[in-house]
2 protein chains.
Amino acid sequence: MGCLSATRSKAIHKIDIPALDWPMARFPRYKYPLEDYVHENQQEDAKCLEETEDLIHKYNAAGKPVAAILVEPIQAEGGDNHASPEFFQGLQQIGKRTGAALLIDEVQTGGGPTGKMWCHEHFDLPEAPDIVTFSKKMLTGGYYFKEEFKPPQGYRIYNTWMGDPSKVIMLEEVIRVIQRDRLLENVNESGDILMKGLTTLQNQYPQHINSTRGRGTFIAFDGTNAAKRDSIVNKLKLQGIHSGGCGDKSVRLRPALIFQPHHANIFLNKLETVLSNL
Amino acid sequence: MGCLSATRSKAIHKIDIPALDWPMARFPRYKYPLEDYVHENQQEDAKCLEETEDLIHKYNAAGKPVAAILVEPIQAEGGDNHASPEFFQGLQQIGKRTGAALLIDEVQTGGGPTGKMWCHEHFDLPEAPDIVTFSKKMLTGGYYFKEEFKPPQGYRIYNTWMGDPSKVIMLEEVIRVIQRDRLLENVNESGDILMKGLTTLQNQYPQHINSTRGRGTFIAFDGTNAAKRDSIVNKLKLQGIHSGGCGDKSVRLRPALIFQPHHANIFLNKLETVLSNL
C-alpha cells in the first residue's frame, strides 16, 4: 500500500487500492540541449525545490508530518527526466532543514547502468543519502541506510530469510564479474558512443527526435510527439532492436552492462535506417 | 501495511505502523486429548464460526465490507492451534454466504510438513480455497488463486521479474526431490513415531507436558506453564535439539522433510532425558 501510494507511473496499478495522502512535488523538466538553456534549467531547479519545501511545510503544519523525500536519481517511468547535481544537493538540504529523510530510489539506476555503481554518486552530495533502495540489476529488492535508521529493537523488522541469502550469493558473483570485466568502464565507453551518435542524429533529424540525455548507457531521447515515438520504437523492433517507451514521448535505452562499443554502433546504424525512412 | 494489519503474533512488528480496521475472529482453542473433549470442542467450533459470521455482518453493515477471511490451517505463531475439518468447512460456507473470499495462509504449513503438500487437503473442503499463500519450504513468497480472482486488466499486478523465475527454477528441483525421495511418506512415518512417542511421554510426565497435537511432523505440545516450556526448550538445546516456543506455553517441532524415523527416535530419547531430569 505504501509502494502504491508512492508510485505515480501507471494508473492501472492503483485501481481499487486505498492510497495514503502523500504529497507529490514536481521533478524538474529540463529543456534540451542543456548548454542552450542553462538559465532556464537553473530556474526550473529553484522552482521545484521551493515547491518541495513548501509542500513539506504545508503537510507538517496540517498534522501530516513528512517522514521522507522519495526521489529517483533519474525519473525513469516518468520519461527519463534528469536533474542536476545541484537539484539533489538542494533536496538533501531541504531534508535536513525539515527533518525529512532523503530516500533515493535506485531500483532502475543502481548496479552500474549510469556508469557508476549508484547514480547518486554523480551528484557530489556532501553526505550519503539516508536510505537507498535497489532491485533489478541487484537481483533482489533491498535497501541500505544510515545506522541511525536501524530500529533499536530486535525483531522489529523480521522475515523468514532475513535478506534472501540465495539471491545475495548470486549477487556476489554478479558484482565479481562487474569488477573482473571492468563493466562500469565498458558502460561509460559504450555510453559515450551512444550519446555522441544520438546527438549527431538529432541534429540530422530534428523533425523526428530531440532532447538526447543520459548517464552511462542509461539514455533516452524524445520523439517530436507520441505517435513519432511509437513509430520509432516499432520500427526499431523490425530492425531487431528492443527499446522502450517512457513518459509521453520518450524512447529509453536500457542495455545490459555487457553492451559494448560495437553494439552501440550497430544500434546507431539501425536507428539511422529507421529515421531516414520515417 | 496490509500484512502488518493482518498479523497478530508479535506487537514489536506493529509499532508505529498505521493499521487498518480489520476485525479478528477467534480461532478455536481445543481441549486435549481430543477424544476426551469431543462435545466441548464441537461447541468451540460452533461458537467461533458464529462469532466470525457476526463480525462480518457487523463490519459489512458499518460500511467496511469484509473482502476476505484469512486463516492459517494450523495457527502457528499463535501457539500451534489446530481446528477440525468441520471448522474449515464452516468457514468456507460463511465466505460463500457473505461474499468474503477464503484465503488460507499456508506459509508455515505448505510444501509438505503436515504430510500433504498443502495442509488444507486434510479438511475435505467441497471446493478449493479461493486463494492460498505460501513461502518458506516453497522458497519464495507467492500465492495461487481461482481464475475469478485474476484481474481482467493487463499490468494490474506487475513487477520486474513477474514471479521470481530463479526461485521457481530452484523450487522445481525441490519438488522433484520431494517426489523422488517420497518425502511426504517419510514425513508421515516420522510424524507417527513422534505423535505416539509424545503421547506416551505426556502420559508419563503429565506434571510437565500435555496437549500433544499435530499433522505429519508439524507437531506441538504444551508445557504446564510458560516457565516449564522455556525450561524444556533450553534444556533440549543442551541436548543438541533445536525446538521453538510458540503461543503462551507451547513447544513446536518443525523438522525438515528429510527428518526420518531414526531422527524421531533420537528426539524422543533426548526429550525423555530432559523430562526425567526436570
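The values are calculated or read from the model by the stated rules, or taken from the named source; none is laboratory data. These numbers were taken from a predicted model, which means no experiment stands behind them. Positions of Cβ are backbone-derived with ideal geometry, glycine not excepted, and every protein chain shown enters the neighbour counts. The protein model used for the area step is the full one, side chains on, heavy atoms only, and it has no ligands, DNA or RNA in it. Shrake-Rupley method; radii C 1.70, N 1.55, O 1.52, S 1.80 Å.
Give region B:200-229 a look and list any residue that's aliphatic (A, V, I, L, M) and open to solvent by 30 Å² or more (accessible area, probe 1.4 Å), or say none.
Within region B:200-229, B:Ala226, B:Ala227 qualify.
Could you tell me which of the residues B:Ile131, B:Ile193, B:Ile175 is under 26 Å from B:Pro261 (Cβ atoms) and out of contact with any Pro (no Cβ under 8 Å at 6 or more places or on another chain)?
B:Ile175
Which residue, of B:Ile69, B:Ile56, is in contact with a Ser or Thr (Cβ under 6 Å, 6 or more places away or on another chain) and more than 25 Å from B:Gly223 (Cβ to Cβ)?
Sole residue among the options that is in contact with a Ser or Thr (Cβ under 6 Å, 6 or more places away or on another chain) and more than 25 Å from B:Gly223 (Cβ to Cβ): B:Ile56.
Per-residue answers, yes or no, for (1) surrounded by fewer than 16 Cβ atoms within 10 Å (Cβ to Cβ); (2) in contact (Cβ under 8 Å) with a residue 40 or more places away in the chain; (3) in a helix (DSSP H, G or I); (4) charged (D, E, K, R):
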residue: A:Ser231; (1), (2), (3), (4): yes, yes, yes, no
residue: A:Phe267; (1), (2), (3), (4): no, yes, yes, no
residue: A:Lys270; (1), (2), (3), (4): no, no, yes, yes
residue: A:Leu275; (1), (2), (3), (4): no, yes, yes, no
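Would region B:132-151 turn up any residue that is more than 14 Å from every other protein chain (Cβ to nearest Cβ), open to solvent by less than 70 Å² (accessible area, probe 1.4 Å) and under 25 Å from B:Ile219 (Cβ atoms)?
yes
Which of the residues that make up region A:162-191 are at pLDDT below 90 and either open to solvent by 70 Å² or more (accessible area, probe 1.4 Å) or within 11 Å of another protein chain (Cβ to nearest Cβ) (or both)?
Passing the criteria: A:Met162, A:Asp164, A:Ser166, A:Lys167.
Kindly provide the set of residues from region B:92-102 that are of a type in the set (A, V, I, L, M, F, W, C) and out of contact with any Ser or Thr (no Cβ under 7 Å at 6 or more places or on another chain), ordered by number.
Matches in region B:92-102: B:Ala100, B:Ala101, B:Leu102.
Among the numbered criteria (1) within 12 Å of another protein chain (Cβ to nearest Cβ); (2) under 21 Å from A:Thr133 (Cα atoms); (3) in contact (Cβ under 8 Å) with a residue 24 or more places away in the chain, which one does A:Asp21 miss?
Here A:Asp21 meets the rest and fails (2).
Could you please find all residues in region B:61-86 being closer than 21 Å to B:Thr7 by Cα and not in a loop (DSSP other than H, G, I, E, B)?
The answer is B:Ala68, B:Ile69, B:Leu70, B:Val71, B:Ile74, B:Gln75, B:Asn81, B:His82.
Would you check if there is a residue in region B:122-131 being surrounded by fewer than 21 Cβ atoms within 10 Å (Cβ to Cβ) and within 14 Å of chain A (Cβ to nearest Cβ)?
No, every residue in region B:122-131 fails to be surrounded by fewer than 21 Cβ atoms within 10 Å (Cβ to Cβ) and within 14 Å of chain A (Cβ to nearest Cβ).
Keeping to region A:86-102, report how many residues are in contact (Cβ under 8 Å) with a residue 40 or more places away in the chain, more than 12 Å from A:Pro28 (Cβ to Cβ) and open to solvent by less than 50 Å² (accessible area, probe 1.4 Å).
The number of residues fulfilling the criteria is 4.
Got at least one residue in region A:152-161 being surrounded by fewer than 14 Cβ atoms within 10 Å (Cβ to Cβ), more than 30 Å from B:Leu139 (Cβ to Cβ) and modelled with pLDDT of 95 or more?
no
Do you know which of the residues in region A:9-49 that are under 17 Å from the mean Cα position of the chain (by Cα) and under 18 Å from B:Gln153 (Cβ atoms) is most open to solvent (accessible area, probe 1.4 Å)?
Residue satisfying both the conditions and the ranking: A:Lys10.
Would region A:235-257 turn up any residue that is at pLDDT 95 or above, in a helix (DSSP H, G or I) and within 18 Å of A:Ile193 (Cα to Cα)?
No - not one qualifying residue is present in region A:235-257.
Going residue by residue through region B:103-118, is there one that turns out to be open to solvent by 60 Å² or more (accessible area, probe 1.4 Å) and either on the phi > 0 side of the Ramachandran plot or in contact with an Asp or Glu (Cβ under 9 Å, 6 or more places away or on another chain) (or both)?
No, every residue in region B:103-118 fails to be open to solvent by 60 Å² or more (accessible area, probe 1.4 Å) and either on the phi > 0 side of the Ramachandran plot or in contact with an Asp or Glu (Cβ under 9 Å, 6 or more places away or on another chain) (or both).
Count, please, the residues in region B:62-85 that happen to be under 15 Å from the mean Cα position of the chain (by Cα), among the aliphatic types (A, V, I, L, M) and open to solvent by 50 Å² or more (accessible area, probe 1.4 Å).
Adding up the residues that qualify gives 1.
What about B:Asp16, is it within 14 Å of another protein chain (Cβ to nearest Cβ) and at pLDDT below 95?
So B:Asp16 fits the description; yes.
State all residues of region A:178-227 that are within 13 Å of A:Leu275 (Cβ to Cβ), without any contact (Cβ under 8 Å) to a residue 40 or more places away in the chain and assigned to a loop (DSSP other than H, G, I, E, B); if no residue qualifies, say none.
A:Pro206, A:Gln207, A:Thr224
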